[in-house]
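Please read the structure below before turning to the comments.
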Amino acid sequence: MLSRRPTDRSTREGFEALYRQDYAAVVALTYALCGRTGPAEDLAQEAFLVAHQRWGRVGGYDKPGAFVRRVAANLAVSYARRKAAEVRALSRLAGRAETTPVLEPPDTEFWQAVRSLGGRQAQVLALYYLEDRSAEDIGDILGISAATVRVHLSRGRAALEAMLRGRAGG
């Protein structure tokens, strides 16, 4: 049986090159989805760790960065769900209503609205607006069809418009 000779991308250097090239973008994606810098960095690191552990296979993919982004997006949505559940539980225990942090930068309101959407809609919108990716690229990253991406994008935009108009009072 012939052994497959590793390509440049499936070597350690290939992983390191992917990490250097995509790390900042993956942190930005996780930040857009979870809203906190520290956890965003941790989630990005965790996604790259998964890729590193599976690099023998992942390094041979046409788009290993898409694999990292899919893992990161899924981790970020899980993180946001856990945090939301913790806030609800703490609110019930404390007998106080949830508090919303003060929004300073103008895009904070937009990303907060994105995070409030369902998991796939938030992931699609983050990849579309943050990384300016096509429906085909987003579909590759998330493992869904481009048509499904367009549906999530359309529904997400409509939901965002309704939320943001409601907050603006108009």
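The numbers here are math on the coordinates, done by the rules we state, and not lab data. What you see is a predicted model, and the numbers here were worked out from it, not measured in a lab. A quick note on method: Cβ atoms are made from the backbone with ideal geometry, for glycine too, and the neighbour counts reach across all protein chains shown.
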Would you call A72 under 15 Å from the mean Cα position of the chain (by Cα), of a type in the set (A, V, I, L, M) and surrounded by fewer than 22 Cβ atoms within 10 Å (Cβ to Cβ)?
-> no
Mind listing whichever residues of region 129-166 are within 18 Å of L117 (Cα to Cα) and either surrounded by fewer than 12 Cβ atoms within 10 Å (Cβ to Cβ) or in contact with a strand residue (DSSP E or B) (Cβ under 8 Å, 6 or more places away or on another chain) (or both)?
-> A158, E161, A162, R165, G166
Considering each residue of region 19-69, count those that are in contact (Cβ under 8 Å) with a residue 40 or more places away in the chain, part of a helix (DSSP H, G or I) and loosely packed, with under 15 Cβ neighbours inside 10 Å, and give that number.
-> 2
